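Contents: one structure, followed by commentary.
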Amino acid sequence: MRSGQRSDWRLGPVGSWLVSLVVLAALLIWLDPASIAAEIRHLDSRWVVLALLVNVNQMVISAWRWQLTAHRLGLALPWRRALADYYLASFTNQVLPGGVLGDAWRAQRHGSRSHHPGVAWRAVIIERGSGQLTVVVVALAVLGLSPAWRPALTGLWPAAAIFAGLIGLALMIVLVLTRSRQHPESAHILKSDLFRALIARGAWVLQIPAALAIVFSYALVFSLSGWGIGVGLSLPMLLTLALPVLVAMLVPFTVAGWGFREAAAAAVWLSMGLPASQGVAVAMAYGIVVLIASLPGALVILLNPLSRKEQENLTTEARRSQRKA
């Protein structure tokens, strides 16, 4: 049994890389890879620099929001340390499968420094989870309210509503059963921390604007990447197209969203009567920009290498993440 679990974990990262590569290969076979490569090759460095500056602001706000969440839970987290570890997490999530190991790393580092690992982990879970929920909520709001999407969504709303309801119900059942039966104390503590960090007086007035600003920065970097390869769409249109693609990146079965992001962009562009190859090119340009933006995290790793204990803890968390995936 143990040997089987080990082999499953070893196949996990390989499987994530394969998923990304297979989806990308299928898209390139379907579309014209030469035209996509030509568009990306002409990525304008001026738009890239602007996108990187927006990403810096995104990282600053994200680190501040993590610091705020930790403080609401009673933990000290120096802002410079929060920013450095957020860059570290961003780089790790870009190069390792699953998209969560970087967050596990920053939670582990904060826990070891604060000597309150449980609280540190909950702070990261709350900050990351609420941020992802904000992406989904904003995307659904834009899809429902934007006139550009109404023709494409007219016949899809009933099926989408039923699907979303079933998914939400299934998630609620799973959470209730697992938390209430296996970890009742943890569920109570997490519920209390969620209230203190996000909902209590003085929390939501800071958390909501910060989360919305971060989502806007994601979409803006995507839009600037589109302009960087010469897409002639307006900024409001590119922002609207970006949000469904960002939601697709939340799927944890790829490496940094590669593959699913491009497939989602192809579908979004087609649904709006635009060429799918252009959507794929924009998504790939965005992936390149985000990877470049995360490179300061590699410097953090070089200046602050993992201790042996951190390596063991991160390996354990990686195994857990791959088993869940």
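As a rough guide to protection, the peptides 55-64, 255-264 ranked by mean Cβ packing within 10 Å, highest first, stand as 255-264, 55-64. The simple Förster model, with R0 at 25 Å and r as the Cβ-Cβ distance, assigns ARG196 and LEU133 a FRET efficiency of 0.90. Taking 0.36 nm per residue of sequence separation and removing the Cα-Cα distance, the HIS188/TRP79 pair yields an extension gain of 36.4 nm.
Computed from the C-beta positions of VAL205 and VAL49, the FRET efficiency with R₀ = 30 Å rounds to 0.35.
For the range 198-243, the solvent-accessible area of protein heavy atoms averages 41 Å² per residue (probe radius 1.4 Å; ligands and nucleic acids excluded). The label-point distance for LEU303 and LEU140, in a model that sets each label 7 Å from Cα toward Cβ, rounds to 4.1 nm.
Karplus-derived 3J(HN,Hα) values for the range 215-227, using 6.51 cos²θ - 1.76 cosθ + 1.60 with θ = phi - 60°, are 4, 4, 5, 4, 5, 5, 4, 4, 5, 5, 5, x, 5 Hz; glycine and proline are entered as x.
The values are calculated or read from the model by the stated rules, or taken from the named source; none is laboratory data. Just so we're clear, the structure is a prediction, and the values are computed from it rather than from any experiment. Positions of Cβ are backbone-derived with ideal geometry, glycine not excepted, and every protein chain shown enters the neighbour counts. Areas reflect the complete protein model, heavy atoms only, side chains present, ligands, DNA and RNA absent. Shrake-Rupley method; radii C 1.70, N 1.55, O 1.52, S 1.80 Å.
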